[in-house]
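These notes concern the structure reproduced below.
The values are calculated or read from the model by the stated rules, or taken from the named source; none is laboratory data. What you see is a predicted model; the values in this text were computed from it and never measured. Ideal geometry is used to build each Cβ from the backbone, glycine not excepted, and the neighbour counts take in all protein chains shown. Note: areas computed on protein heavy atoms with side chains; ligands, DNA, RNA excluded. Shrake-Rupley method; radii C 1.70, N 1.55, O 1.52, S 1.80 Å.
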Amino acid sequence: MERETELCLLARLGLLFSFAALLVLTGCSGDGGLEVGGVPSSTASTTSAGVRVVVSRVVDGDTLKVSPPVGGESTVRIIGADTPEDVRPGYPVQPLALRAASFTRSRLEGRRVRLTFDEERKDRYGRLLAYVWVDRKTMLEDELLRRGLAQLLIIPPNDRYAARFAADQRQARRAHRGIWGLPRAERCRETNRGNGIGEGSPGCGTGPDSRGSAGRSPGVAPSSEESCPRGYQVKGNITRDGQKIYHLPTGDPYYQATHPERCFASARQARAAGYRPPILQHD
């Protein structure tokens with residue numbers, strides 16, 4: 001009898017251990033929170049299938065706050081699509097920026113999505129770079145590009161879906177949706193991302209902010225957060241204390257690390273806009 005009782009106890013313990021292991025493998029947690037691969041809900045780790053998170057807040061059309069953080073980071077910048085600016089300090093709201101932000105907010109805020117990743121996981125500002133899947137077949141990037149609420153922005157090596165996103169943009173462009181249906185003057189106010197619109201693109205000159213006879217500020221907007229359009233390689237940067245400094249592509253050790261606020265065709269043009277050269281440290 002004692003032997004039989006002992007065997008029963010061992011069998012029950014075996015069932016309990018099996019059940020506990022099953023909970024870990026299936027990602028269940030006692031508080032109902034999200035777990036990925038047994039990681040508690042306060043942080044999420046990535047797998048080959050990505051990670052599921054909740055969009056806690058939409059910053060703008062292409063930037064999200066998610067919960068739980070992934071690798072310690074809660075800010076996500078989507079890959080491959082760039083919406084018009086509406087929160088960049090010192091810059092006017094671009095056409096359709098508020099509509100793009102409103103679409104992303106209504107589509108995602110408070111909802112669960114899946115994030116997948118490419119070669120580079122974070123940008124220079126520490127934001128997580130991710131593709132945002134709203135269902136099994138569709139990404140947020142697809143929806144924004146097809147509606148003309150964003151333009152294509154591929155920055156290698158994160159180019160896994162470059163062809164797919166280019167097809168999305170062609171669809172919107174042919175149908176004159178969103179930014180592609182705006183009058184030329186409005187399209188010229190967008191950022192130049194190499195898609196034929198924005199300051200410095202054909203028909204836009206240097207944009208509405210160009211100097212010309214109106215005496216406005218020279219230069220053009222950056223083509224990305226790190227780069228300037230072709231022909232405007234001098235980077236203008238505004239420091240936290242308001243100093244305007246320009247950086248030349250050669251002989252300037254700060255050039256590659258500079259986030260341009262404005263781009264110029266020459267140092268002379270930058271000086272005309274009130275920018276000065278950096279103070280270089282010499283050994």
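What do you get for chymotrypsin sites (Phe, Trp or Tyr not before Pro) in the stretch 103-194 restricted to DSSP loop and a cutoff of at most 14 other Cβ within 10 Å of the site's Cβ?
Values: sites: Phe103, Phe117, Tyr125, Tyr131, Trp133, Tyr161, Phe165, Trp180; in loops: Phe117, Tyr125, Tyr161.
Qualifying residues, ordered by number: Tyr125.
On a full-extension model of 0.36 nm per residue, what is the gain between Asp123 and Tyr254, subtracting their alpha-carbon distance, rounded to one decimal in nm? Walk me through the numbers before you get to the answer.
Details: separation 131, 0.36 × 131 = 47.16 nm, distance 1.77 nm.
Gain in length upon complete extension: 45.4 nm.
Under 25 Å between alpha carbons, and skipping anything fewer than 8 positions from Lys122 in its own chain: which lysines qualify?
Here the lysines satisfying the reach criterion relative to Lys122 are Lys65, Lys137, Lys235.
May I ask you to evaluate 6.51 cos²θ - 1.76 cosθ + 1.60, the Karplus curve with θ = phi - 60°, for each residue of the stretch 60-70 and list the ³J(HN,Hα) values in order in whole Hz, giving x for glycine and proline?
7, x, 10, 10, 10, 10, 10, 9, x, x, 10
Loop-only chymotrypsin sites (Phe, Trp or Tyr not before Pro) in the stretch 220-278, please: DSSP not H, G, I, E or B, and at most 15 other Cβ atoms within 10 Å.
Values: sites: Tyr232, Tyr246, Tyr254, Tyr255, Phe264, Tyr275; in loops: Tyr232, Tyr254, Tyr255, Tyr275.
Answer by residue number: Tyr254.
Restrict the search to the stretch 79-149; then list the GluC sites (Glu not before Pro) that DSSP places in a loop and that have at most 15 other Cβ atoms within 10 Å of their Cβ.
Values: sites: Glu85, Glu109, Glu119, Glu120, Glu141, Glu143; in loops: Glu85, Glu109, Glu119, Glu120.
Passing sites in the stretch 79-149 are Glu109, Glu119, Glu120.
As a test of reading the structure, rank His259, His176 by solvent-accessible area (1.4 Å probe, protein chains only), most first.
Numbers: His259 45, His176 130 Å².
I get His176, His259, largest accessible area first.
Quick check of the Kirkwood formula: for the stretch 69-161, what is the inverse mean of 1/r over all pairs of different Cα atoms, in Å?
Values: mean 1/r = 0.0716 Å⁻¹.
Across the stretch 69-161, the inverse of the average 1/r is 14.0 Å.
Quick one: which residues, 5+ away or cross-chain, put their amide H under 5 Å from the amide H of Arg147? H built at 1.01 Å from N.
Residues meeting the criterion, in which the H sits 1.01 Å from N, do not exist here.
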